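One structure is given here, and the rest of the page talks about it.
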């Protein structure tokens with residue numbers, strides 16, 4: 001996986017509730033984060049987080065484990 005990249009895409013427009021990024025050559029994985037849906041990030045409003053990845057390098061179970069760990073870490077911040 002030499003040269004593999006992880007990309008985070010931020011979608012700050014309140015009307016964007018889902019974003020599916022493209023996995024471009026040289027990219028293994030992209031995390032898409034939308035803006036909070038009900039208020040501001042400071043008041044704990046939920047935001048949608050999605051993960052697109054190259055299935056040749058990452059399997060679905062590992063991606064799911066990553067998303068669960070990320071959710072847990074974000075919840076502990078608040």
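The values are calculated or read from the model by the stated rules, or taken from the named source; none is laboratory data. Source: prediction; values computed, not measured. Positions of Cβ are generated from backbone atoms using ideal geometry, with glycine treated the same way; all protein chains shown enter the neighbour counts.
Things worth noting here:
- Segment 1-17, subset touching a strand residue (DSSP E or B) at 6+ places or on another chain (Cβ under 9 Å), at pLDDT 85 or above and part of a loop (DSSP other than H, G, I, E, B), residue nearest to residue 48 (Cα to Cα): 17
- Members of segment 21-33 found to be surrounded by 11 or more Cβ atoms within 10 Å (Cβ to Cβ) and within 19 Å of residue 57 (Cα to Cα), listed by number: 21, 23, 27, 28, 29, 30, 31, 32
- Test result for residue 20, in a loop (DSSP other than H, G, I, E, B) and modelled with pLDDT of 85 or more: yes
- Pairs where the first residue, in segment 43-57, is at positive phi and surrounded by 12 or more Cβ atoms within 10 Å (Cβ to Cβ) and the second is modelled with pLDDT under 90 and in a loop (DSSP other than H, G, I, E, B), C-beta under 7 Å, 6+ apart: 44/78
- Unmet criterion (only one of (1) at pLDDT 85 or above; (2) in a loop (DSSP other than H, G, I, E, B)) for residue 39: (1)
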